Amino acid sequence: MTVAQSRRLRKGRGLDSQLKRVVIRGTGSFLPNAPVPNERIDDVLGPLTDAPDRVKKFMENIASRMLASSGIRYRHFSIDPKTRKLTHTVASLAEESCRKALEAAGKRATDVELLVISSANYDETTPPTSALLQERLGIDTCAEMEIHSNCSGVGKSVQVACDALRLGRYKNALVAYSQISSVYLRSSYLNQAQMNKKQAALRYILADGSGALYLEAVDAKPGEALAHEVIGTYVESVGGRRQAGMTAGGGVGDLSTDPSIEDMFRKGTHHLDQDFTAVNRDAGRLCFEGSVKSVESIEPRPKKVDHLIISIPTR
């Protein structure tokens, strides 16, 4: 294919022949409900009165030390502390941060051409949460995508959006990540008799919230400085030869052999679980190796970096 043919093909698909550059025009974040101090976590999530004795003893002896060593004094949950019912959905939680990002960018929801949301949860099996978020924002027409992922969904969704903007497929993108961990942590969700200590420990680690970015594609000359430019993205998974570090059932895999929600609950396979041993053994090394590969891929000048933000779940 000649260069001229390639350019005609790209133009026919709505793509520009020259790569764009991507900048962040606005950001937004949202934490649901009033902050919950450490000593009230069990009150909000509900007590584990029917858990095995070993789990109860673990909570009595270890929970307070875990909370103290974390340095975190308050958490936010999408839960009514009186009724313990959810106050937000994945889409409604994301809506809050999206509207703040739009406001910061000086844009309206109807300006959005690409809407991407990532989350470890989803509101419905169908329609996708991205369509539900589009409806909540009142966007008549846009491209929408949902990325079902764990915490790495932030990087994945930003990479997808940035690549689409660089190609000129869209002029802007609204990208959101929404997390409602508390849906897995409430006492009413759990088959407490089937709980283990790791599942109980997650109640003192996870919380709820959402964040959003409004990204825009711009034309700029090579070397021209742009404020808040996304200079690159890097996504890597090392899961090809290792078991998953965090699991939560409730999908097709759980219902394929015993097609009954009651069977799933009885076995406790719907519980959220974390392999803390693997995290403590591998997370630091893998994070360092991934950071090195990221720098090599994007080629920023290390001495220009003044902030390094790392998320590693620990004890």
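The values are calculated or read from the model by the stated rules, or taken from the named source; none is laboratory data. Everything quoted here is computed from the prediction, not taken from an experiment. Heads up, the Cβs are rebuilt from the backbone with ideal geometry, glycines too, and the neighbour counts pull from every protein chain shown.
The number of residues in the range 84-94 being in a helix (DSSP H, G or I) and either among the small types (Gly, Ala, Ser) or at pLDDT below 95 (or both) comes to 3. List the residue pairs whose Cβ atoms are under 6 Å apart, where the first residue sits in the range 141-157 and is in contact (Cβ under 8 Å) with a residue 40 or more places away in the chain, the second is not in a strand (DSSP E or B), and the two are 6 or more positions apart or on different chains. Between residues of the range 141-157 that are in contact (Cβ under 8 Å) with a residue 40 or more places away in the chain and residues that are not in a strand (DSSP E or B), the close pairs are Asn150/Ala120; Gly155/Val235; Lys156/Ser149; Lys156/Val235.
Residue-wise test of (1) closer than 24 Å to Gly251 by Cα; (2) in contact with a strand residue (DSSP E or B) (Cβ under 9 Å, 6 or more places away or on another chain); (3) among the aliphatic types (A, V, I, L, M).
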residue	(1), (2), (3)
Ala104	no, yes, yes
Asp111	no, yes, no
Asp123	yes, no, no
Met145	yes, yes, yes
His148	yes, yes, no
Val154	yes, yes, yes
Val160	no, yes, yes
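The C-beta contact set for the range 221-236 (first residue in contact (Cβ under 8 Å) with a residue 24 or more places away in the chain and more than 18 Å from Ala161 (Cα to Cα), second residue of a type in the set (Val, Ile, Thr) and not in a loop (DSSP other than H, G, I, E, B), distance under 6 angstrom, 6+ apart or interchain) comprises Leu226/Val23. Filtered by the rule that a residue be free of Cβ contacts under 8 Å to residues at least 60 places away in the same chain and over 21 Å from Ser181 (Cβ atoms), the range 262-286 gives Glu262, Asp263, Arg281, Asp282, Gly284, Arg285, Leu286. The criterion of at least 3 residues that are at pLDDT 85 or above is met by the following helices (runs of 4 or more DSSP H) wholly inside the range 221-315: 261-267, 276-298. Please enumerate the residues belonging to the range 184-194 that are buried (at least 20 other Cβ atoms within 10 Å of the Cβ) and aliphatic (A, V, I, L, M). Leu185, Leu190, listed by residue number.
Taken together, Gln179, Gln159, Gln194 contain a single residue that is more than 29 Å from Glu236 (Cβ to Cβ) and either hydroxyl-bearing (Ser, Thr, Tyr) or in contact with a Ser or Thr (Cβ under 9 Å, 6 or more places away or on another chain) (or both), which is Gln194.
Considering each of Ser118, Ser97 in turn, give the residue that is surrounded by 17 or more Cβ atoms within 10 Å (Cβ to Cβ), hydroxyl-bearing (Ser, Thr, Tyr), outside any strand (DSSP E or B) and touching a residue at least 40 places away in the same chain (Cβ under 8 Å). Answer to the selection: Ser97. Which residues, counting only those in the range 194-220, are in a strand (DSSP E or B) and of a type in the set (D, E, K, R)? Within the range 194-220, Asp208, Glu216 qualify. Taken over the range 124-134, residues that are surrounded by fewer than 21 Cβ atoms within 10 Å (Cβ to Cβ) and in contact (Cβ under 8 Å) with a residue 12 or more places away in the chain amount to 2. Taken together, the residues in the range 157-172 that are buried (at least 19 other Cβ atoms within 10 Å of the Cβ) and assigned to a helix (DSSP H, G or I) amount to 7.
For Ala68, the conditions (1) part of a helix (DSSP H, G or I); (2) at pLDDT 95 or above all hold with the exception of (2). Residues in the range 125-143 that are under 22 Å from Val252 (Cα atoms), in a loop (DSSP other than H, G, I, E, B) and of a type in the set (Ser, Thr, Tyr): 2 in all.
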